[in-house]
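Computed from the coordinates by the stated procedures, all read-outs in this text should not be read as laboratory data. Because the structure is predicted, anything quoted here is derived from the model rather than measured. In this analysis, Cβ positions are derived from the backbone assuming ideal geometry, glycine residues included, and neighbour counts consider all displayed protein chains.
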Amino acid sequence: MNVGILSLIVLGLAALGYVLARRRALAVVQGDARLLHSRTGYYGQLVFLLTAVPAFLVMAIWLFLQPILIEQRVAENIPGTAIPEGGDLTLVMSDVRRIAGGIDAMMADGSLGEAQLKDMHADQTDIRARLAGVGIALGAEVSPAVFEAAKSYRKMQKTGALAMTVVVLGLALGMMGLALSRISATLRARNLAESFVLSLLIGASLVAIATTAGIVLSLLFETWHFFQLYPARDFFFSLTWNPQFRGGSDLGFAPLIWGTLYVSLVALIVAVPIGLMIAIYLAEYAGKRVRSLAKPAIEVLAGIPTIVYGLFALITVGPFIRDWIAQPTGLGDSSSSVLTAGLVMGIMLIPFVSSLSDDIINAVPQALRDGSYGLGATQSETIKQVILPAALPGVVGAILLAASRAIGETMIVVMGAGAAAKMSLNPLEAMTTVTVKIVSQLTGDTEFASPETLVAFALGLTLFVFTLGLNVLALYIVRKYREQYE
Amino acid sequence: MTDIARNGSSAPAPARRNRSLLEVDDRTRRRNAAEARFKLMGSIAVIIGLLALVGLLTSILLNGMSSFRQTYVSLEVYLDPAKLDKDGSGNLEKIAKVTTFGYKPLIQKAMVATVAANGVDDQGLKAKKIADMISPEAPATIRDYVLANPDKIGETVRFDLLAGGRIDGYYKGRVTMETAALDRNVSPEQLRIADALRDAGVLDTRFNWAFFTAPDASDTRPEAAGLGVAILGSAYMMLVVLVLALPLGVAASIYLEEFAPQNWFTDLIEVNISNLAAVPSIVFGILGLAVFINYAGLPQSAPIVGGLVLTLMTLPTIIIATRAALKAVPPSIREAALGVGASKMQTVFHHVLPLAMPGILTGAIIGLAQALGETAPLLLIGMVAFVREYPAAPPEGLFDPASALPVQIYNWTTRGDPAFVERASGAIIVLLVFLLIMNILAIILRRRFERRW
């Protein structure tokens, strides 16, 4: 049965349980609700939760585990001879899945019945032609073992789905019956329902941990996979990046790191002085009206999606730099360059630096300013010699956060920095970054077997470690060196 | 003992003693100049920031506004039964066998006839070249019409057909007579015919509704490309994000803000949330690819996967906003509720949560806006695929391949024809308008319902 319909049925059962529970609670005390421990709605709520939540939980776990178990069972039954020369089990398994899907499609359009399928064997029928008829294109002829595997895969899937339906509905009904039978005047329904809700709330907050765990585990697992296919030494120390989809590629990450750092550096050189000066001006000099207009206007920059900056780099800044700077000086002739990407990324980071620094400068107590003015300092001297030193840890934190943003930024560099992996000092040349290569290695056809694809996970892990490190460092600096006033 | 007294060298200069304080000396002048310079630097920085914003927006607007207009040619096409329905049976299956190639001659004939009927000099062009002024999408338009109305075969029907991309570009200033002379796809003669047809009222440029409704089109026909599938796909993803991220985020925030004890476990959750807020978005794409597609076997390019990835990404934003909103509800409300005998859970759900609702919704809308503009993770889960079919209605449609607005923009920028750059800029305007509406909604919500305690 369809998962959606099954969910609806479970929800319907739960709603029914709500109504029944309220009735039963009233019946237990002969309609005098004052004799009940809780208000009738809580009995309903309790039964509703007990019916729906365990059933959904089991369904989720089932949907999670079933594919793994079935794949394992089917893979065990595929003989080694069915695996073609140079291929591997994962490719065969993907064929199995597609054939199973094709059989389902044939069943759906009525060209094949269950009974016929039983007598259908790969050595008698031209499976490939029939599958092509329903839009499933296979690379090679179907071997009998693979076809049998597909049949058993499909059968197990059907059995699994049926079993899940039975188990889930049985659980929902059972829990509903059990809960209804327990209703009595002294049942502490409100307390039970509330602690149930509390556990749901805790569950929701665990999603954050699960996400982090998912990220770290999937990155680690695939990276480990990658290092089994490709020597770690070459990844870390080779200075060339040259993926070949036929094998024999050089996958050194140094040029990518270089490009990433270079672009980020340019971006910070643009963003930090401008952002800091904006923060100082708005916090110390600007009148109320200027501040109330300029501050939101600059923060609009932060709300603009990065794809817009990417397009800006591609159609405006890139050609401008090429025509007015790169070609006249003869230093480069492509419109995508480190300078293009860095400049545009710098613009993106301005509001980031300015609003963080603004908050920090505003947090410096007025007494410090007054003291400095009292000693005869001008406003700019006060800012340079009193306020900025007091705000320094916070400002450094803000810059580090901006740097971590710059390193992880994708669209601007994809559209502005180019795709050539180079280690050069010339900012007018096209270079590439870690994020660009993650995108280019993972878009398109993704079979998780070649080092050329898996390298993206190693790059992703590098990126994750870098940004996480910068964030932790920023937090540490802010906490450790923050001046405590009052 | 101060330093000044000890080394004695900084005793006031004798010259200073006799001068008025109102007279500005060199040193003061220098300090005042430094002050003015510093202030000027500040205002220059603000101006640079504002100029960047203005430059960004005008560059996109200038490039993109023209995509909201499109050139059409109005043609009387004779739906020839000899070509479309050879045996005259009216059998729909037979009619469907005629591919778009079968419709091309009809358009060619109609186009040549129209040129002649309006007394336009054909500039010595061959019939095929004249027909090339019409978009290659046109046969498909007519075929769809015929399949929908088979009884019209044999009649002459007026169609508004898309003009070719270069003809359209001519009226938008992208193509000129000079560039046309060098272009293989268009010739100056065609442009002159187009001008004459325009004078005759056959060809005109009007508002481009198809840009919002049509699906993507192939590399050679930018004039037919639209945002229909992308807008639908983005809407589906926003639906998934709203349905999943809002309840999850609110539930997590309620726990952390109202119930969680101060211990290492709560700390762990909080550290996790603030870390997730700082993880680059592309890493979420890798997670989606590895877990949802590779492991769980969900289909590529499906809005459900995009929605799940974006949910995980917006969750920290929503949690942070919700916690701030909950925190803003004064403790006196809680104490009053507890005082009249409400349980902790009742206090939160009956009193605190409704009061925090405007703040929560504002945060949710801002989170959604962020998710709507996000591109990088969607590239990894296969949303860049070329999709022409509209996804079905949800819930099945969530598993159909679709595109998304920002990914469609990226996709168009990678194509060769400059007409696609115009389309991409136009699509960005659409995206920005959506974001503007969402942000205005958030501001209105905050202004209308936020209470100051």
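Below, the figures for the structure above:
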{"item": "Cβ-defined net charge surrounding A:Gly17, 12 Å radius [Lys, Arg +1; Asp, Glu -1]", "result": "+3"}
{"item": "Cut-off 13 Å between beta-carbons: net charge of the residues surrounding A:Glu194, Lys and Arg +1, Asp and Glu -1", "result": "+3"}
{"item": "Those residues of the range A:272-301 whose amide nitrogen sits under 19 Å from the label point placed on A:Leu368, 7 Å along Cα→Cβ", "result": "A:276-286"}
{"item": "Net dipole in debye of chain A [+1 Lys, Arg Cβ; -1 Asp, Glu Cβ; about Cα centre; nearest 20]", "result": "2020"}
{"item": "FRET efficiency, 1/(1 + (r/R0)^6) with R0 22 Å, evaluated for A:Asp359 and A:Val396 via beta carbons", "result": "0.95"}
{"item": "For chain B: rounded, prolate or oblate by the Cα gyration tensor [a/c cutoff 1.5]", "result": "oblate"}
{"item": "Average beta-carbon neighbours from other chains, 10 Å sphere, peptide A:191-204", "result": "4"}
{"item": "Ranked packing of B:237-248, B:94-105, B:257-268, most packed first, by mean Cβ within 10 Å", "result": "B:237-248, B:94-105, B:257-268"}
{"item": "Pair B:Asp80, A:Lys480: separation of 7 Å Cα→Cβ label points (nm)", "result": "8.4"}
{"item": "Partner chain coverage, peptide A:294-307 - average Cβ within 10 angstrom", "result": "6"}
{"item": "Peptide B:372-380, shielding by other chains (average Cβ, 10 Å cutoff)", "result": "6"}
{"item": "16 Å Cα-Cα reach of B:Lys344 towards lysines, excluding residues that sit fewer than 8 places from it in its own chain", "result": "B:Lys327"}
{"item": "Helix-only CD estimate at 222 nm, as mean residue ellipticity for the protein assembly as shown, using -39500 (n - 2.57) per DSSP H run (n ≥ 4)", "result": "-21500 deg cm²/dmol"}
{"item": "Which of A:Lys151, B:Lys86, A:Lys437 has the fewest Cβ neighbours within 10 Å, and the rest in rising order", "result": "B:Lys86, A:Lys151, A:Lys437"}
{"item": "Overall Cα dimensions of the range B:255-400, principal axis frame, Å, largest first", "result": "60, 35, 25"}
{"item": "Inter-label distance, nm, simple model (7 Å from Cα along the C-beta direction), A:Leu375/A:Leu162", "result": "8.7"}
{"item": "The range B:43-75-the range A:158-173 distance, computed between alpha-carbon centres (Å)", "result": "57"}
{"item": "Sorted peptide list for B:166-177, A:319-330, B:429-440, criterion being average Cβ within 10 angstrom, highest first", "result": "B:166-177, B:429-440, A:319-330"}
{"item": "Tilt relative to chain B, helix B:264-278 - C-alpha long axis, 0 to 90 degrees, to 10", "result": "50"}
{"item": "Efficiency of FRET from Cβ geometry, A:Ala108 and A:Leu229, R₀ 41 Å, rounded to 0.05", "result": "0.55"}
{"item": "The range B:16-114: equivalent-ellipsoid semi-axes (sqrt of 5 x gyration tensor eigenvalues, Cα, Å)", "result": "83, 13, 7"}
{"item": "In degrees, nearest ten, helix A:3-28 long axis to first principal axis of chain A (Cα)", "result": "80"}
{"item": "Charge tally in the Cβ shell below 10 Å around B:Ser187, where Lys, Arg are +1 and Asp, Glu are -1, B:Ser187 excluded", "result": "+1"}
{"item": "Over 29 Å (Cα to Cα) - which of A:Lys384/A:Lys422; B:Lys86/B:Lys109; A:Lys155/B:Lys97 fall in this group", "result": "A:Lys384/A:Lys422; A:Lys155/B:Lys97"}
{"item": "For chain A: relative contact order, % (alpha-carbon pairs under 8 angstrom, 6 or more apart)", "result": "16"}
{"item": "The protein assembly as shown: C-alpha gyration tensor shape, a/c 1.5 cut-off, then a/b vs b/c", "result": "oblate"}
{"item": "Gain on full stretching of the segment that runs from A:Asn191 to A:Asn2 - 0.36 nm per residue minus C-alpha separation", "result": "64.5 nm"}
{"item": "Principal axis dimensions, chain A - Cα atoms, whole angstrom, descending", "result": "91, 77, 38"}
{"item": "Rel. contact order, % - alpha carbon contacts under 8 angstrom, at least six apart, the range A:3-187", "result": "37"}
{"item": "In nm, spacing of pseudo-spin labels at A:Leu200 and B:Glu389 (7 Å Cα→C-beta vector)", "result": "3.7"}
{"item": "Förster-model FRET efficiency, 45 Å R0, B:Thr179 and A:Leu293, C-beta, rounded to 0.05", "result": "0.55"}
{"item": "Helix A:288-303 axis, angle to chain A major axis (alpha carbon atoms, nearest 10°)", "result": "50"}
